[in-house]
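K.L.:
The structure under discussion is supplied below as structure tokens; questions concerning it will follow.
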């Protein structure tokens, strides 16, 4: 049983299931699955920054929003087609992520958290108030995507699946290389990392721009799936959701983030039934997961099944 | 030709002078000890050399390359390795991964190669792992390669840190109190390890240490600091009987009262 | 207009200052930022409303009761979101506290939400406005300001003069050493969280006559109090207080002179600038790298 539940098998199975899902599922399930793919991209990217590089930054939800807004605005304001707006938006988001990295070079811990928090608040404020550009609080509609003869929802699903697969594989590869070790070195001991010729600034910049790139891709896909962009989805609550996915899944574990994102999207849908008690339920689940599974759900998987080892562990417990 | 040249280096922290007019020259394949009572500035000297705290004044060159003003990571890339007083192993990595990280500056891996896991990257990773294992064997720790760094004992961790610093083949290795907290057996092992580093690998070592017996035994020359100033320099036998050194450690009155050893 | 803005700024600022103090106290002792702090404020406010308006108890009685209840709630937070996670990375503690904040928010919405979005809280002082040299002062504001200053004074005095306060200081500086001299460190931690919560509740009760308490008030308040604390260097209570007043003033001045939509964001812009210039805040230690 342990060998059967090994990573290769599970990933292959999941990949297959996702590939053949569309004809078997109703539009709602397809939509949820697509959202889950988007969040997997977000969570994996955030984990590179938070779990591997150890940078406690609050900017990811804002960068997610920038990806969505850029994709949408380039289409609506400048008339560019999606297939140009989307890559351009990803580039823009990555560059902004690099800019956010600048304070990270001088600040750490609480101060970094606050500066990135301020950046997030500022971005929200721009989305709400800079109406000339961003259409303000009401948001704006984005022209629906067409995929030739393929049904739009289907086309978008497969696009998300493709990008998700590529990005998760990319993260998995990065983590298993010298770059992964450099990021963890920066996290675990900056002074030792420098003594090994690891340029702190360079690797912090890499971590921030990678997570921004992932957030940008996720944002672009998100704007397409909703055909609509508004400030709500990119606030502090969204940041909490993203952090939760990473931590509940397992900090410093690529597969943990995949699991965490999938589970939490499922949880949010399941909680819709609770009506008033949604917040309480989510809060309790979050607390429970963190207190009882401090190393994330992936630690359970690692215990029960073989083949789930990953290089570079989660940030160590404080002693 | 001296490998590491420290000339007239001085640094003060908020008005407190930590180092003043320190001169030091480290030759090829030499072990130089730096000793002195607490607060003498020994660790500060190492911090200044490796770039953590740039000096207020003075020059430092490594194989004639000036180091002052460079970032610590750039200085390390020029061939300076270092261990720390409080061992700084990477807690999230295994022993082998820790040592492999030491190869960072020498790794033939590009970003694209990493992301797409190119053949070149796989070869580079395999080579890095092989060199890591070889280094672990050199320090006698090969059986621990898959253990998490934090699972090792204090003494073992210190040896791993030396291996990690050594794997990139630095020209000069700065060791900050490698023997602190070690049992006598372990100290003997560290002694012989340092000799092998010097003799088999040709690395020059700058050793800051409190365990005087070790310093006297393994060092070719010794520099003595007191209150940030250099008060003596020479071969171990000369340092042992130098009155200024004895006074610095024991104080004026005791010195006057006790005969020279 | 300027004097009016300044008074408003100082009043709001005293609120931020009190809340920030609570954050810093917990941080100094436990090196953790309590992300449920805003919700403790919120619950304090609702409790004050329940005691004073619904149950018709006196103002001061309500203040004491609300603060006591909040203190208990702070102890609960510590037990649930901190103690089991002492060895976990910081983000876990943050998220556990956030989870708890959601529970508190949801509960508040269920219990008090049905009363309508904003609940009126009668002013403590019913006297009409005083006019002083062209400046109109609302007595309620002055009462709040005075009350906040009194609280801050009491708090500081507690820390520096009482035995418990000194134990908390000792634990904050060196928990291991504190343990060695016989201080019950886990009790100190629990009590610290309780005290932090108590200050949040006190702030809520003081401000209740002037502002609205609603279930979602916690989050934006936390962010601002956090900003105030960081501005002040996140190590000193005085820094937090000065940071709080600064933010209150900046907000009101920006809102008055530039545009009301600038109120909320101005403080953050200033904080971003300050941290770029002085990465450890105004009163924080100068950043020197030492090994």
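Read-outs throughout are calculated quantities, based only on the coordinates presented, and are distinct from any laboratory measurement. On a predicted model such as this, the values are computed, not experimentally measured, just so you know. Using ideal geometry, Cβ is built from the backbone for each residue, glycine included, and neighbour counts are taken over all protein chains shown.
K.L.:
Which shape class applies to segment B:93-167: rounded if a/c is under 1.5, otherwise prolate when a/b exceeds b/c and oblate if not, where a ≥ b ≥ c are the square roots of the Cα gyration tensor eigenvalues?
P.N.:
Prolate.
K.L.:
Per-residue ellipticity at 222 nm for chain A, helices alone: DSSP H runs ≥ 4 residues times -39500 (n - 2.57), over residue total, nearest 500 deg cm²/dmol?
P.N.:
-24000 deg cm²/dmol
K.L.:
Here's a follow-up. Between residue B:85 and residue C:31, how many nm apart are label points set 7 Å from Cα along the C-beta direction?
P.N.:
Going by the 7 Å Cα→Cβ label model, 1.8 nm.
K.L.:
For the ranges B:33-44, A:79-90, what's the packing order if you count other beta-carbon atoms within 10 Å of each residue, average per peptide, and put the highest first?
P.N.:
B:33-44, A:79-90
K.L.:
For a quick protection proxy, order the peptides C:30-39, C:259-268, A:246-255 by their average other-Cβ count within 10 Å, most packed first.
P.N.:
The densest-packed peptide leads the list: A:246-255, C:30-39, C:259-268.
K.L.:
Averaged across A:168-176, how many Cβ atoms of other chains sit within 10 Å of each residue's Cβ atom?
P.N.:
Mean shielding by partner chains, rounded to a whole number: 3.
K.L.:
Please arrange A:69, A:214, C:257, C:189 by how many other C-beta atoms lie within 10 Å of their C-beta, fewest to most. List each step's numbers first, then the result.
P.N.:
Numbers: A:69 28, A:214 34, C:257 12, C:189 23.
Listed from fewest to most nearby Cβ atoms, that is C:257, C:189, A:69, A:214.
K.L.:
Mind computing the radius of gyration and Dmax over the alpha-carbon atoms of chain B? Å is fine for both.
P.N.:
Both quantities, over Cα of chain B: 19.5, 73 Å.
K.L.:
To make sure I understand, if each residue's beta carbon is the centre and we count other beta carbons within 10 Å, what order do B:188, B:99 fall in, fewest to most?
P.N.:
Result, fewest neighbours first: B:188, B:99.
K.L.:
Next up: In segment B:12-42, whose amide N lies under 14 Å from the spot 7 Å out along Cα-to-Cβ of residue B:56? List them in ranges.
P.N.:
Those under the cut-off are B:12-22.
K.L.:
Which percent, to the nearest 5, of DSSP beta bridges fully inside the protein assembly as shown are antiparallel?
P.N.:
The antiparallel fraction comes to roughly 65 percent.
K.L.:
Per DSSP H run of at least 4 residues, take -39500 (n - 2.57); add these up for chain B, divide by its residues and hand me the 222 nm value, nearest 500 deg cm²/dmol.
P.N.:
-12000 deg cm²/dmol
K.L.:
To the nearest whole number, what is the average tally of beta carbon atoms from other chains within 10 Å of the beta carbons of peptide C:262-268?
P.N.:
For this peptide, the per-residue mean of nearby foreign Cβ atoms is 4.
K.L.:
To continue, here is another question. What distance in nm separates the two pseudo spin-label positions at residue A:76 and residue B:180, each 7 Å out from Cα along the beta-carbon direction?
P.N.:
Distance between the two pseudo-spin positions: 6.0 nm.
K.L.:
Right, here's the next one. Do you know the relative contact order of chain B, to the nearest whole percent, from alpha carbon pairs under 8 angstrom that are 6+ apart?
P.N.:
27 percent
K.L.:
Here is a further query. If you fit an axis through the alpha-carbon atoms of helix B:119-138 and take the longest principal axis of the Cα set of chain B, what angle between them do you get, 0 to 90°, nearest 10?
P.N.:
The answer is roughly 40 degrees.
K.L.:
Also, I was wondering about something else. Which of C:159, A:122 comes first, and how do the rest follow, when ranked by fewest Cβ neighbours within 10 Å?
P.N.:
A:122, C:159
K.L.:
Which FRET efficiency value, to the nearest 0.05, do you get for residue A:19 and residue A:106 by plugging their Cβ-Cβ distance into 1/(1 + (r/R0)^6) with R0 = 45 Å? Could the numbers behind the result be given before it?
P.N.:
Working: r = 46 Å, r/R0 = 1.02.
Once rounded, the FRET efficiency stands at 0.45.
K.L.:
Quickly work out the residue B:119-to-residue B:65 label distance, labels modelled 7 Å from Cα along the C-beta direction, and quote it in nm with one decimal.
P.N.:
Each label point lies 7 Å from its Cα, and together they span 3.2 nm.
K.L.:
Using only helices, what value at 222 nm comes out for chain C when you add -39,500 (n - 2.57) per DSSP H run of length 4 or more and divide by the total residues, to the nearest 500 deg cm²/dmol? Provide the component values of the computation, followed by the final result.
P.N.:
Working: 11 runs with 197 residues, N = 291.
Here the helix-only value at 222 nm equals -23000 deg cm²/dmol.
K.L.:
Run through all the Cα pairs of segment A:210-252 and give the fraction in each 5 Å bin from 0, expressed as whole percent.
P.N.:
It works out to 6, 19, 20, 31, 17, 6, 1, in whole percents.
K.L.:
What are the radius of gyration and Dmax of segment A:162-319, computed over its Cα atoms and given in Å?
P.N.:
17.4, 55
K.L.:
What is the average number of partner chain Cβ atoms found within 10 Å of a Cβ in B:84-96?
P.N.:
The per-residue average across the peptide is 6.
K.L.:
Give me the angle, in degrees from 0 to 90, between the Cα long axis of helix B:154-166 and the longest principal axis of the Cα atoms of chain B, rounded to the nearest 10.
P.N.:
For B:154-166 against chain B, the angle is about 70 degrees.
K.L.:
Answer rounded, prolate or oblate for segment A:7-304, using the Cα gyration tensor with square roots of eigenvalues a ≥ b ≥ c: rounded when a/c is under 1.5, else prolate when a/b is larger than b/c, else oblate.
P.N.:
rounded
K.L.:
Moving to a separate point now. Between residue C:269 and residue A:133, how high is the FRET efficiency from 1/(1 + (r/R0)^6) when r is the Cβ-Cβ distance and R₀ = 22 Å? Nearest 0.05.
P.N.:
The calculated FRET efficiency here is 0.75.
K.L.:
While we're here: Assuming R0 = 22 Å, what is the FRET efficiency of residue C:277 and residue A:99, from their Cβ-Cβ distance, to the nearest 0.05?
P.N.:
Efficiency, rounded to the nearest 0.05: 0.80.
K.L.:
Related question: Is the C-alpha gyration tensor of the protein assembly as shown telling us rounded, prolate or oblate? Criteria: a/c under 1.5 is rounded; beyond that, a/b larger than b/c is prolate, otherwise oblate. Before the final figure, lay out the partial values.
P.N.:
On the way: a/c = 2.05, a/b = 1.32, b/c = 1.56.
In terms of gyration-tensor shape, oblate.
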